[in-house]
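Encoded as structure tokens, the structure appears first; notes follow it.
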Amino acid sequence: MALGVVAAGLLLGALGLTGAFATKPFAAADEAQHTAYALELTEGRLPELDTLVRSTVPGMPGLPPDCRVAPADARAAIGRRDVSVLPACAQRSGALLTTFDLMYTANHPPLFYLLEALPLGAGRALDHPVAGFYAARVLNLAVGIAAVVATAGLVRILLPGRPDLAVGAAAVIAVAPILIAVTSQVYNDAFAVALITAATAAALALARRGLSVRRLLPVVLLVPAVALSRASGALAAAVLVPAVGIAAVLGSRSGPAAGPAWRRPLLAGFGASAATGLLTVAAAGWFYARNNRLYGDPAGSERVASMFPTGYGHRSVWEVLTARDFWWTIYQGLFGRLSLQHGVPHRIVIGVGLLTVLGLLAAAARALLAVRARRVSGRRDWAVDVFCWLVVAAQAALALATLVGYVAAGGATFTRYLLPALPVLALAVAAGCSALPLARRGIPTLLVVLALGGNIVIMLGRELVRRDPRLDGLGPFAQLRGALEVTAVGTGRTPLILAIVITLGVLGIFLLGLSLWNLAACTVPPCQWRPAPAPAPASAGGAAVDGGGQFGTESDREGHSAV
């Protein structure tokens, strides 16, 4: 399994490095605001939503680096021709200040920006701010790889008997266009995905593998970090705090039915939950109290939504959920900019969706047949299984609720707000592929990964053309080469970057195919549409041998992990 996860990381590295170096700095919306937030921290200041962006990196939009404006004065000058309240350095001839000049990312907690402040601050201190900026992009790419590893770990906890699905989900999320977009630039979304996924996996491991100090320590560190990752992180942490307590109770039992020995597990669960909750409040509570004081709500989401009205105004949750284009917009948004999805990318969008749905239907049918035939072997702790899936479902539902709430408040439909649910969506794609023909060699999963990777290359080329029309008419490889030559990479280093990217991509594909070929042969159940006869009871001298049903059993959790 480790080999497959490494392969997934190589694929994300190849695609992410391409995007990080081929995309001009600050070409995408919000990157200047995220960068400005981190640079404010290097100067010892925590920004507000009304703090004006300063151009502290060459090519960065904003005021001159040494120009400072009080947030209240900046807010008063937005959209007004009378800018007398502003200092001379902030007065533009013939140009009005708009909300796009403000640091509208300042409602997010500072943990991500403290991390990005390291390369950005070092670049400024060494008088190489552009190099520091690209180092910040690469650092965020490493965060994306951590999200891939966390996804594999979470799936391994959910389905211990199916390491092939852990590798498949990691590979799918590694080539998810929306994740590549936010990891190859300075955005905080991948940071939140990595922390929420890792914290959820660590919490569920308490139930699946038992409570111990060694397993509890990552939990009490990761959950407070989740609350400090994004403005929506407090809600994710609020789900995890009680989940830690329940997981500790389940992991402290002597068995599925512990009889009267419930006092000790309950005390352990209460202690684990209380410690996690207290540390989370101590670490992040001050920031959400600040948001509530400045903007009227802990996340500041209503204030941010009011800064960028969409024309829809406030809508009810029901109106959003039943809107004709809401769900289709979200789905398309997972694959990149909607206006560029025509031709091959559009067919990939449709094809991946259809294959996933058909595969999941086939997997569900086969799972029902397996249950009917009573093919699941060994003792299974259904309480732990149900609990694990409920926690994961709650996190995914919370991500959707965050997006719906933002849209209902008047905001736009940003699919990346759904990113914390991306590991679950990647698992759904991998599970669907595992029920298709040739799945016992991992071929459907590998083909979907190749299709998604190809889609990213095509869509990146179109994005580059949209920003630089001179690249129009060239092939994807020529577009990437041309884009790299006009960024900080330059003409001389472009062949080296391309060689590194191609090597990482080819090696990742080869290792992924090898890992899936070996894992799927051992763990994917064969296509069998007739209910098999129930196995004979195990004799005293040995246990029954079984394939483990569609998604395996807990008794398989230590097997098939070498590849």
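The values are calculated or read from the model by the stated rules, or taken from the named source; none is laboratory data. The structure presented is a predicted model; accordingly, all values stated were derived computationally and were not measured. Positions of Cβ are generated from backbone atoms using ideal geometry, with glycine treated the same way; all protein chains shown enter the neighbour counts. These area figures cover heavy atoms from the full protein model, side chains too; ligands, DNA and RNA do not enter into them. Shrake-Rupley method; radii C 1.70, N 1.55, O 1.52, S 1.80 Å.
Points worth noting:
- In the chain, a dipole from Cβ-located charges (positive for Lys and Arg, negative for Asp and Glu) runs towards its positive end, and of Ala488, Ala32, Ala451 it is Ala451 whose Cα lies farthest in that direction.
- Between the helical axis of 233-252 and the longest alpha-carbon principal axis of the chain there is an angle of about 20 degrees.
- Lys, Arg +1 and Asp, Glu -1 on Cβ, resulting dipole of the chain about Cα centre, debye, nearest 20: 1200 debye
- Whole-Hz couplings from phi, Karplus 6.51/-1.76/1.60, listed for the range 405-410; x for Gly and Pro: x, 5, 5, 5, 7, x
- Prolate is the label for the range 267-306, because the ratio a/c of its alpha-carbon gyration tensor axes (a ≥ b ≥ c) is 1.5 or higher and a/b is greater than b/c.
- Each residue of the range 324-334 was assigned a 3J(HN,Hα) from its phi angle through the Karplus curve 6.51 cos²θ - 1.76 cosθ + 1.60 (θ = phi - 60°); the sequence is 5, 9, 4, 5, 5, 5, 4, 5, 4, x, 5 Hz, with glycine and proline shown as x.
- Residues Tyr312 and Ala478, FRET efficiency given R0 of 35 Å [Cβ-Cβ distance, rounded to 0.05]: 0.30
- Packing, taken as the mean count of other beta carbons within 10 Å per residue, orders the peptides 435-448, 220-233, 338-351 from highest to lowest as 220-233, 435-448, 338-351.
- Computed over the range 142-277: relative contact order in percent, which uses C-alpha pairs under 8 Å that are six or more apart: 22 percent
- Restricting the calculation to Cα atoms, the chain shows an Rg/Rh of 0.99 when the hydrodynamic-style radius is the Kirkwood one.
- For the range 273-327, a crude dipole built from +1 on the beta carbon of Lys and Arg and -1 on the beta carbon of Asp and Glu, taken about the Cα centre, is about 140 debye to the nearest 20.
- Scanning residues 5 or more positions from Leu63 or on other chains, those with amide H under 5 Å from its amide H are Val53, Arg54, Ser55, with H placed 1.01 Å from N in the peptide plane.
- Signed unit charges on C-beta, dipole axis of the chain, positive-most listed residue Val213, Ser84, Leu118: Val213
- The chain: relative contact order as a whole-number percent, Cα under 8 Å and 6+ apart: 22 percent
- The chain, accessible area per residue, ligands and nucleic acids excluded (1.4 Å, Å²): 43 Å²
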